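Have a look at the structure below, then the notes.
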Amino acid sequence: MEDSLRLAGVVRESIVDGPGIRYTIFVQGCPHNCPGCHNPQTHDFAGGTDTPIQTVLDEIDASPFLKGVTFSGGEPFCQAAGLLPLAKALKARGKHLMAYTGYTFEELLSLNDSAVRPLLEQLDLLVDGRFIEAEKSLALKFRGSSNQRVLDVPASLQANAPVWAEAYR
């Protein structure tokens, strides 16, 4: 079990990274390097800061207004083993969990990483797919380009196929 995460930073109270007031965690490191990425400073796996998971939990616990937590980046699924114990602790606290990923749901299921599916099992929503600059739209809720999907993760896992979260279609 991991006890720290490599982070680019956090936003302690966000209203743009998912429903409600959220704590957003930006992990460091991303293999996708999408042209036009909103967070290019998070791509370098050698950047960022090692941060104890307990420090993150303590900050979240200190804010009674947070509805949920969003894992962003960078690529959260490159740190699935570290995010998993954090996600489990947050779900035990009743937090809504969401993640952004450059992988598609189908790609995530095919990754050779034993922590990916258990991490998915903790999530409520997933925004999947690489950012495509030519499909960028500021009118899309919680996603940057029209190819990306906002998925209902429990329904997707049950169907073993992507299922849109209808409120965000």
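Could you tell me the relative contact order of the chain? Use alpha-carbon pairs under 8 Å, at least six residues apart, and round to a whole percent.
Numbers: 348 pairs, mean separation 32.9, N = 169.
Here the relative contact order equals 19 percent.
What are the ³J(HN,Hα) couplings of the range 109-115, residue after residue, when phi is run through the Karplus curve with 6.51, -1.76, 1.60 and θ = phi - 60°? Round to Hz, x for glycine and proline.
5, 9, 5, 8, 9, 5, 8
Multiplying the sequence separation of residue 161 and residue 44 by 0.36 nm and subtracting their Cα-Cα distance, what value in nm do you get? Don't jump to the answer; show the numbers that get you there.
Details: separation 117, 0.36 × 117 = 42.12 nm, distance 3.10 nm.
Length difference between fully extended and current span is 39.0 nm.
Separation of the range 110-169 and the range 1-65 by C-alpha centroid, Å?
18 Å
What order do you get for 127, 163 when you list them from fewest to most C-beta neighbours inside 10 Å? Working shown, then result.
Values: 127 25, 163 17.
Exposure proxy ranking, most exposed first: 163, 127.
Provide 71, 65 in ascending order of the number of other Cβ atoms located within 10 Å of each residue's Cβ, fewest first. Don't skip to the answer; put the middle values down first.
On the way: 71 30, 65 9.
Final ranking by Cβ density, sparse to dense: 65, 71.
Can you tell which of 36, 48, 129 shows the greatest fluctuation in a Gaussian network model of the chain with Cα springs below 10 Å?
36
Please order 49, 104 by the number of other Cβ within 10 Å, starting at the fewest. Could you put the intermediate results ahead of the total?
On the way: 49 11, 104 18.
Ranking 49, 104 by Cβ neighbours within 10 Å, fewest first, gives 49, 104.
Give me, ordered by chain and number, the residues 5 or more places off residue 5 or on other chains with an amide H under 5 Å from its own placed amide H.
Answer set, sorted by chain and number: 51, 53.
Out of [x] 0.95; [y] 1.07; [z] 1.18, which label holds the value of Cα Rg over 2.2 N^0.38 Å that was computed here?
It is the one labelled [x].
Per DSSP H run of at least 4 residues, take -39500 (n - 2.57); add these up for the chain, divide by its residues and hand me the 222 nm value, nearest 500 deg cm²/dmol.
Numbers: 5 runs with 40 residues, N = 169.
Calculated at 222 nm, the ellipticity per residue is -6500 deg cm²/dmol.
Readers should treat all values here as calculations from the given coordinates under stated rules, not as data from a laboratory. None of the values given here were measured: they were computed from a predicted structure. With ideal geometry, Cβ positions are generated from the backbone for all residues, glycine too; neighbour counts draw on all protein chains shown.
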